[in-house]
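Scroll down for the structure; my scribbles are underneath it.
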């Protein structure tokens, strides 16, 4: 009887490990919005990490978040590091590439609560007299991320925050325009 329970337990664990291992290996979260403002108004708001928290929802999740800036003042080479509570954890983002009024690419290094490295791309495309902003985050999922994904929909969770951020970026850019 105990042997059968042990074999059954090992089989369940093995099945769970196989299911986790077979989960997609790429994280991809994408949201977009159209802003009634030209790219020349929106672009500076994306490439300046000093104003990032004005529209990004992540810094608002912890009112006591500690931020440090280094590198370039803005654009390529600008660095923003944060340390917050367990909701936001700690990490670092650096603008690694930009094309004026078209795109900003960032490397995101999450340190806590889980280590991960992702890429965020903000693409600005003309939309009539306005701008369509696409916020895309991609990265490789490790085994732990795949396991968490079985119980939490990362696209819904992170995508919901992207939607809030894009709505605030839209509000601020349209106000500025």
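Between residue 4 and residue 97, 0.36 nm times their residue separation minus their Cα-Cα distance comes to what?
Additional length available on full extension: 27.7 nm.
Per q in 0.12, 0.14 Å⁻¹, report the Debye log10 I(q)/I(0) for the chain, using one uniform scatterer on each alpha carbon and no solvent.
-0.61, -0.78
Could you work out which residue, out of 65, 35, 95, moves most in a Gaussian network model of the chain, that is, has the largest mean-square fluctuation with Cα springs under 10 Å?
Most flexible of the set in this elastic network: 65.
Quick one: helix 2-21 against the long Cα principal axis of the chain, what's the angle to the nearest 10°, folded into 0 to 90?
Helix 2-21 and the main axis of the chain meet at about 20 degrees.
Note down the relative contact order for the chain as a percent, whole number, built from C-alpha pairs under 8 angstrom at least six residues apart.
30
For helix 154-176, report the angle its Cα long axis makes with the longest principal axis of the Cα atoms of the chain; keep it between 0 and 90° and round to the nearest 10°.
For 154-176 against the chain, the angle is about 10 degrees.
FYI, it's all coordinate maths here, none of it is from the lab. Quick caveat: nothing in here was measured; it's all calculated off a predicted structure.
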